[in-house]
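To start, the structure itself, in structure tokens.
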Amino acid sequence: MNAVDRAALGATGAIATPELADALLAGIHRVVASQETLNRINVFPVADGDTGTNLALTMLSARRVLTNERSEDVGPLLERVADALLDGARGNSGAIMAQFFQGLADALRETRTLTIASLTNALAEASSYARDALVEPREGTILSVMRTMAEATRDAVADARDLETLLSRALDACRSALIATTDQLAELRKAGVVDAGAQGFVNLVEGMLAFVRDREMPDFDALEIADEYLAEDTAGAEQDLDYRYCTECVITGSGIDRRKLRESLAELGGSLVLAGTHAKAKIHIHVNDPTEVFATAGRFGTVSGEKADDMHRQQSATHHKAGSVGVITDSAADMSDALLEDLGIHIVPMRINFGDKSYLDKVSISAGQFFDELATNPAHPQTSQPAPGDYRRLLQFLASHFESVFLFCITDTVSGTHSAAVSAVGRVTGGERIAVINTKNASVGQGLIVRDAAERASAGASSADIQTATDDAIASTRSFALLKDLNYAVKGGRVPSWARFIADVLRLNPVLGTTPDGKIKPISALLGRSNRIDKFARFIARRTESGGVYRLSISHAQSADDAAALADRLSTMLTIDGDVDVSPTGAAFGVHGGPGTLVAAIQKRN
């Protein structure tokens, strides 16, 4: 559309749909560019430093719609935008933003040509939608700024002849409302900041107005965090959290009873936002047990897009690790919770499916619960790599808080996790500072490699030094697994049934091991079922160097006594560096070993 066409539309109070789409794209660019500052001023409701990341990812989910589907009818366009935002909504502010656009879409559903008057009415509806999505709406948040925008545009409708004038009036009012948020919430007043979600909404309006005035579309491909949005210090202080997991999912169905769904969810936790429609709803809630959320949601429709972010670890990264090296691994790595906490290691969960039941590894199903289900469920589970959105969300968050990030993956010979991680990094702002590491290992072997890097990061080592040390750690780490039987390996298709028959007849204890090229395969079998722990310990010891010092880590599948006995036996046979870390075996390895599996990893330290 040329300048003459735009002028003609403006004279009639009409707003061209492509112009609105471009303005929204420019606004999204402004939100993405501001994400680091939004993260650093994120104080309410939890100071976990991810509002900027969540808003950026939420808004970017609509970019493809706005770029590729340039309908001249505003109603259908906004419906597709709202649907994309609902699917991509992240965090409290992201869910509220999605609901705001759902209100716009519903108000303009039958509209072909947008006018100043119809937009003003739709903004009022959108503000109401956003507020109604919360059980306990609070002033001093993004909701206050949304309502102020709706009121300002309503007051300006009589003399606002074009989108530029309307947005200009709206922005002035929004900025005033933003400044006021500092005094409206005690948490903001104490930290001396404005609300991060409200600031993100103002950034969206700023970007839209800048485009309408200058007709210059920012270059997403060359996006960098602008200097004006950089903030060196993180606002607020670490809090004692009532709930640990920021939990989200999408429900699709026919006639979702939103009132009953809201009532059921409200009993589980706090910060509940229920966005969407009666056909598709997005849940955001803070809880300690994400499983309860997904189970509750499942009673109202089909559940998808399950995720649960650990706000405790995010808060720790925000307030203690900024400006250094961040460490993240997939949940195939096994180590004790104490080590994960002490070293601030972030986990992206793999997915586990028992038939039509889906879980987040080590988040919505524990190792013990997994093996109970494995033993009783007729459906053999399937494990899969983390969803791309899981990777991207956590990586975007870490890239905004650390100078460099190391992402450790299970060996690429048994999973597509490594390639999925590489692909996700390519879509992350600041991705050039993220190193994706193929550990060529799994379970406690992968855990030892991650632990070494995290300890060095905690000690202040540079990313270059950590990379060199990681290469050495991978080369010096071996893992061995003693299986109680081959039943589960056969069920999973890893071992032929005839091999199980031979092992049973000859009373063999199969041993799996990792190879230098990252393969996990049968490497031996211990003869006889008696004294199996002692035999396994001697088997491992024979694969060490005389006089070597080793770090040892052990995991077990519901066989804690055997793990303790193995640790004691190896401690008398080897020179061990530090304490032996003992943890439950996770699903990624345990699915093929089953209950009774023992996994031991050794890492040469000199």
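The values are calculated or read from the model by the stated rules, or taken from the named source; none is laboratory data. Just so it is clear, the model here is predicted, and its values are computed rather than measured. Don't worry about glycine lacking a Cβ; one is built from the backbone with ideal geometry, like all the others, and counts go over all protein chains shown. Surface areas here come from the heavy atoms of the whole protein model, side chains and all, with no ligands, DNA or RNA. Shrake-Rupley method; radii C 1.70, N 1.55, O 1.52, S 1.80 Å.
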Practice task
Check the straight Cα-Cα distances from Lys440 and name the lysines below 18 Å, setting aside those fewer than 8 residues away within the same chain.
Solution key: Lys519, Lys521, Lys604
Fill in the blank from the handout: Computed over the chain: longest principal axis from alpha-carbon atoms vs helix 367-376 long axis, angle to nearest 10 degrees, is 70 degrees
Practice task
For helix 443-458, report the angle its Cα long axis makes with the longest principal axis of the Cα atoms of the chain; keep it between 0 and 90° and round to the nearest 10°.
Solution key: 60 degrees
Exercise for the section: Would you grab the residues whose amide H sits under 5 Å from the one on Glu306? Only those 5+ places off in sequence or on another chain, please, with H modelled 1.01 Å from N. Expected result: Val250
Completion exercise
So for segment 536-582, using the alpha carbon gyration tensor with a ≥ b ≥ c as root eigenvalues (a/c under 1.5 gives rounded; past that, a/b versus b/c decides prolate or oblate), I'd call it prolate
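Could you tell me what percent of the accessible area of the chain is made up of carbon and sulfur, with a 1.4 Å probe and every protein chain present? All intermediate terms of the calculation are to be shown ahead of the outcome.
Working: 11260 of 23780 Å².
That share works out to 47 percent.
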Fill in the blank from the handout: Hull surface over four for the Cα convex hull of segment 434-586, reported in nm², is 10.2 nm²
Handout entry: Anisotropy class of segment 57-198 from Cα gyration tensor, a/c 1.5 cut
Key = oblate
Practice task
With a 1.4 Å probe and every protein chain left in place, tell me how much accessible area Glu432 has, in Å² to the nearest 10.
Solution key: 150 Å²
Fill in the blank from the handout: Computed on Cα atoms, Rg of segment 348-452 relative to 2.2 N^0.38 Å comes out at 1.16
Practice task
Return the distance in nm (one decimal) between the two label points of a simple spin-label model at Thr302 and Arg507, each offset 7 Å from Cα along Cα→Cβ.
Solution key: 5.2 nm
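For Phe211, Phe300, give the ranking by accessible area with the largest first, probe 1.4 Å. Please report the intermediate quantities before stating the final value.
Working: Phe211 15, Phe300 45 Å².
Largest to smallest exposure gives the sequence Phe300, Phe211.
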Practice task
Mind scanning Lys190/Lys282; Lys260/Lys282; Lys357/Lys484; Lys307/Lys357; Lys307/Lys362 and naming the pairs with a C-alpha gap bigger than 22 Å?
Solution key: Lys190/Lys282; Lys357/Lys484
Completion exercise
Mean projected area, convex hull of alpha-carbon positions in the chain, reported to one decimal in nm², is 27.9 nm²
Problem - Simple Cβ-charge dipole of segment 346-417, Lys/Arg +1 and Asp/Glu -1, about Cα centre, in debye nearest 20 - result: 140 debye
Practice task
Take the alpha carbon atoms of segment 395-440, find their center, do the same for segment 19-40, and report the distance between the two centers in whole angstrom.
Solution key: 25 Å
Exercise for the section: Rounded to the nearest 0.05, what FRET efficiency do Ser264 and Glu341 give with R0 = 35 Å and r taken as the Cβ-Cβ distance? Could you check? Expected result: 0.65
Handout entry: Positive dipole terminus of segment 525-580, leading residue within Ile554, Gly578, Gly528 (C-beta point charges)
Key = Gly528
Handout entry: Probe 1.4 Å - accessible area at Asp309, Å² to nearest ten
Key = 20 Å²
Exercise for the section: Provide the per-residue ³J(HN,Hα) series for segment 287-301, in order, calculated from phi with Karplus coefficients 6.51, -1.76, 1.60 and θ = phi - 60°, each as a whole number of Hz, with x at glycine and proline positions. Expected result: 9, 9, 10, x, 4, 5, 5, 5, 5, 5, 4, x, 6, 10, x
Exercise for the section: Compute the accessible area per residue over the chain, keeping the other protein chains in place, probe 1.4 Å, unit Å². Expected result: 39 Å²
Fill in the blank from the handout: Residues whose modelled amide H sits under 5 Å from the amide H of Asp330, counting only those 5 or more places away in sequence or on another chain, are Val348, Phe408, Ile410
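To the nearest 20 Debye, how big is the dipole of the chain about its Cα centre, given +1 on the beta carbon of each Lys and Arg and -1 on that of each Asp and Glu?
Values: 60 positive and 78 negative charges, 455 e Å.
Dipole size: approximately 2180 debye.
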Problem - Three-way shape label, segment 423-480, alpha-carbon gyration tensor, a/c 1.5 - result: oblate
Practice task
Report, in degrees rounded to the nearest 10, the 0 to 90 angle that the Cα long axis of helix 463-475 makes with the longest principal axis of the chain.
Solution key: 40 degrees
Exercise for the section: Could you tell me the distance between the Cα centroids of segment 270-315 and segment 505-559, to the nearest Å? Expected result: 41 Å
Exercise for the section: Please turn the phi angles of segment 538-551 into ³J(HN,Hα) values with the Karplus equation 6.51 cos²θ - 1.76 cosθ + 1.60 (θ = phi - 60°), one per residue in order, whole Hz, x for glycine and proline. Expected result: 5, 4, 5, 4, 5, 9, 10, 8, 4, x, x, 10, 10, 8
